[in-house]
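The values are calculated or read from the model by the stated rules, or taken from the named source; none is laboratory data. Remember, it's a predicted structure, so these values are computed and weren't measured experimentally. We place every Cβ from the backbone using ideal geometry, glycine too, and count neighbours over all the protein chains shown.
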Amino acid sequence: MSTGLGAGALIENVRIAVDALRASKLRSSLTILGVVIGVSTVMTMAAIVQGVRDQIVHSIEVAGPTTFFVMKKFSTTPLNPDNLPKEVRIRPDLSEKEAERIRRLPEIGYASLWAQILSRIEADGVRPQSMAVFGADDGFTEVQGGELVNGRWFTRTELQAGSAVVVLQEKTALRLFGREAILGRWVRIGGRPAQVIGVWVEPANIFAPPGQGVGAIIPFRMMDHQYYVDHTNALWIPVKPRAGVSVADAQGAVTMLLREMRGLHPGDGATFDLITQDQVLDTFNSITGVFFLVMIVLSGVSLLVGGIGVMAIMTVSVTSRTREIGVRKALGATRRDILQQFLIEAATLTGIGGAIGIVVGLSLGKIAAIAMEITAPVPVRFTVIAVVVSVTIGIVFGLVPAQRASRLNPIEALRYE
């Protein structure tokens, strides 16, 4: 029997390790399960978070990095409109007049007052789940991207009158009407009728504050007149600077105008917030950073439990195979051979768990991505880390029982029953 650390000895120890794991399937399976849970948690969350982040970055590119938003109050979590802090209550709501004055600034290429509600859109008895409905204007694609593939946008008369017309998002139109003719049909949005005049296709991975996929777009005044709108969280003015004007210059012009319109003195604090696309991304990164930390802690606990399981299994394995260890030593196996054998067993145990965990995690991430309608790429970095961590755990937690096995006296081991 080879006793060195060459390829032959390594292959021999791997074979012995696999045979030992097969001999105790239940114990090995339970130990592997702990590693699988920890690794799959990391992989699933990493895939989802990376997919959502890519979605946001792509959509910022669609809307253009110069687009910014005027809001009554920007908050990382929606504020309760029935219990607003005093500093928010004293802020005036955004108005169409302010949006119109901003639009006329020489530095500005586009500005309009938008709103959003969450509502069911139904037709002919078909009632999909609640979706985001935007109250906007015919410049919607300038900020959100995408294109009109059928019909038309709102006329000036329809916008001014708040007419009951709607541009459906393509997927919504298909859910409601299938492949039938759509233009001129009627739908009910939150129980109120609206006539379909167009179909819009959203760009891949759309995102814009407050951040939700769009089911339909109606004239802003129709939304303002017929629906309850949360003026704190769901009312904002998207602004795009004119070509050649920097974001800083455009924001400066908007800030000066709003302060003047609201009668603010030089020492007064602003009663509105300006949010850039970069700030939206930074906010998301800070939120997901905490999320990642919690995820790592939770999955770390799972991996720790798996590691303790490995130590327990390997300790039992050393005890139950004492006589085998004695035979191997009597045939010439060194302490190094025995140590290597049991470390390989532990690493194999956690390596298998890590591999299964990666497959399970990526599969769950893909399923979640499909359900959320996002693209979840394979997190290569986390895949490599997961493999390294799982094998390392096997080696670290298997070291103590492996050392115990390597130190057994061959004569006493042979006498063990």
Completion exercise
Checked pairs for segment 70-98, first surrounded by 14 or more Cβ atoms within 10 Å (Cβ to Cβ), second in a helix (DSSP H, G or I), C-beta under 7 Å and 6 or more apart or across chains, list as V70/V254; K73/V88; L79/V88; E98/L258; E98/M261
Completion exercise
Within segment 114-136, the residues that are in contact with a Lys or Arg (Cβ under 9 Å, 6 or more places away or on another chain) and within 30 Å of V247 (Cα to Cα) are G135
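A quick yes/no check of all residues on (1) among the hydroxyl-bearing types (S, T, Y); (2) over 26 Å from the mean Cα position of the chain (by Cα); (3) modelled with pLDDT of 95 or more:
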site	(1), (2), (3)
Y110	yes, yes, no
E122	no, yes, no
F140	no, no, no
G146	no, no, no
N150	no, yes, no
Fill in the blank from the handout: Contact list, first residue from segment 308-326 and of a type in the set (S, T, N, Q), second anywhere and assigned to a helix (DSSP H, G or I) and at pLDDT below 75, beta-carbon distance below 6 Å, six or more apart or interchain, is T315/P401; T322/A413
Fill in the blank from the handout: From the option list A204, A208, A181, single residue qualifying as under 24 Å from K72 (Cα atoms), among the small types (G, A, S) and modelled with pLDDT under 95 is A208
Practice task
Evaluate the following for T334: is it surrounded by fewer than 21 Cβ atoms within 10 Å (Cβ to Cβ) and free of Cβ contacts under 8 Å to residues at least 24 places away in the same chain?
Solution key: no
Handout entry: Cross-chain or 6+ apart pairs with Cβ under 6 Å, segment 204-224 first and closer than 19 Å to I275 by Cβ, then modelled with pLDDT of 50 or more and among the β-branched types (V, I, T)
Key = F207/I56
Practice task
Could you please let me know if T315 is more than 20 Å from R22 (Cα to Cα), among the polar types (S, T, N, Q) and surrounded by fewer than 21 Cβ atoms within 10 Å (Cβ to Cβ)?
Solution key: no
